[in-house]
Structure formats: structure tokens, C-alpha cells
Amino acid sequence: MKILVGLASSVVLSLWSLSALATPIYTIQSNGDMLFYKHTGSDDGSPTWPIQGVKIGNGWNFKQVFAGDHGAIYAIKSNGDMLFYKHTGIDDGSATWPIQGVKIGNGWNFQQVFAGDE
């Protein structure tokens, strides 16, 4: 039993380590389409992109958009309202959005807004 528990712990840790080295990158085209990229070369700077340019949404016509941790996407409208989105397709590039466009604030009338690291 101890061997199975130890093996299971190793597998979970390995899966966590692999996903921790992947960086989700989002782009928005001029027509409002959002594309998803996954960069797995952030540890050594290699040009490794297992997912490239997958369309995961449309209608992203905001004043500013930026990503936070764990699939959190923040969008700021021209009137200063901040909306929250949750992208859960970061592992496979799927267009999975369990939370979409929830207003979480207003008055975000700044030149630039960006998220920090935990």
C-alpha cells in the first residue's frame, strides 16, 4: 500500500511540475477573436509551443485585457468597468469559460493596468 501511495504522490507531483512550467499566452486580433498559445519553454527559453493560435473566444473588444493566475482574465471596458472571466482550458487549449463577464469593479480609468505574480 505504501508503494502505491508513494507512486501516486510522484505522479501528481510530476503532473504539477509539468503544468507549472507551461505559460498560457493570450492574443486578441483586431476583429475581437481571442487566440490561445501555450509556451512550455519558460524554464530554459526554448521556442516550444505545443498549442498555437487556437481560437477560444470572440467579442474581446475592450479598452484593455490582461491575464492573472490560474486562467483569470480581466477586461476593462471604455467606461472603466472591470469584468472577470475564468478560462479553464489552459491545459488543452479548449474554449472553456465557466465564468464570463462578471462585473467586479468600476473606475478603472488608468493608462495601463496589469497583474502581478503571487
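The values are calculated or read from the model by the stated rules, or taken from the named source; none is laboratory data. As the structure is a computational prediction, the values presented were derived from the model and not from experiment. In this analysis, Cβ positions are derived from the backbone assuming ideal geometry, glycine residues included, and neighbour counts consider all displayed protein chains.
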Going by what's in this entry, would T48 be described as surrounded by 14 or more Cβ atoms within 10 Å (Cβ to Cβ), free of Cβ contacts under 8 Å to residues at least 12 places away in the same chain and under 17 Å from I25 (Cα atoms)?
yes
For the range 11-29, how many residues meet the condition of being within 16 Å of T96 (Cβ to Cβ) and either at pLDDT 90 or above or assigned to a strand (DSSP E or B) (or both)?
2
Cβ-Cβ under 8 Å, sequence separation 6+ or interchain: first residue in the range 92-107 and in contact (Cβ under 8 Å) with a residue 24 or more places away in the chain, partner in a strand (DSSP E or B) and surrounded by fewer than 14 Cβ atoms within 10 Å (Cβ to Cβ). Which pairs?
A95/K55
Every pair of residues 6+ apart whose Cβ atoms lie under 6 Å, when the first sits in the range 57-78 and is closer than 13 Å to W108 by Cα while the second is exposed (fewer than 14 other Cβ atoms within 10 Å of the Cβ) and at pLDDT 95 or above
K63/S78
